[in-house]
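The values are calculated or read from the model by the stated rules, or taken from the named source; none is laboratory data. Remember, it's a predicted structure, so these values are computed and weren't measured experimentally. Every residue, glycine as well, gets a Cβ built from its backbone with ideal geometry; the counts of neighbours run over all protein chains shown.
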Amino acid sequence: MICRTVKANLPDLLLAPKSVSAEVRAHVESCAACGKELQSLEATMALLDTWTAPEVSPYFDTRMAGLMREEQQAAPAGWLERIRARMLFGNHMHMRPLAAAALALIVAVGGGTYAGFGGFSPKPAPVQTASPVIKDLQSLDENAQVFQQLNSMDQQETGDNGGNSL
Ligand SMILES: [Zn+2]
């Protein structure tokens, strides 16, 4: 029996010995290399058993709520509202599903940036006046070409398929 095949079965041998064939068990007992591998795996698992997740700070929820409030107050409602209005009530009604997806993406990216940058330092960092996300929103709003390009792409697609692909 090839050692490589046996080694693939070693986790099973540790966790559910009965699921492993007698052939494998016999090999591990007779093969020094595989026996050593099993011991090492066993030691690793024993170590993992002793590991416990760190306690969450009792102030986590409070801090999180505070950061969220700050973020909401600092958020430039103007940009978001204008983009949302343009997307929902603009001329390109057929683009609404796409626009909604884009808006969702923007919000998701913004949330990710917030979660990554916000940190959980005891003293929340001062909110930057122009975060990368805000800059993105500004350029998106100013550069209507993006929407025009999407629109023409959509029209091309519609022409090819003879129907609304969205
Ligand atoms: Zn072996």
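Identify, by number, the condition in (1) in contact with a helix residue (DSSP H, G or I) (Cβ under 7 Å, 6 or more places away or on another chain); (2) in a loop (DSSP other than H, G, I, E, B) that residue 52 doesn't meet.
All conditions are met except number (1).
Please identify the pairs in which a residue from the range 36-59 that is at pLDDT 85 or above has its Cβ atom under 9 Å from the Cβ atom of a residue that is assigned to a loop (DSSP other than H, G, I, E, B) and loosely packed, with under 11 Cβ neighbours inside 10 Å, counting only partners at least 6 apart or on another chain.
So the pair list comes out empty.
Tally time: how many residues in the range 1-39 are assigned to a helix (DSSP H, G or I) and within 11 Å of the ligand (Cβ to nearest atom)?
Number satisfying all stated conditions: 19.
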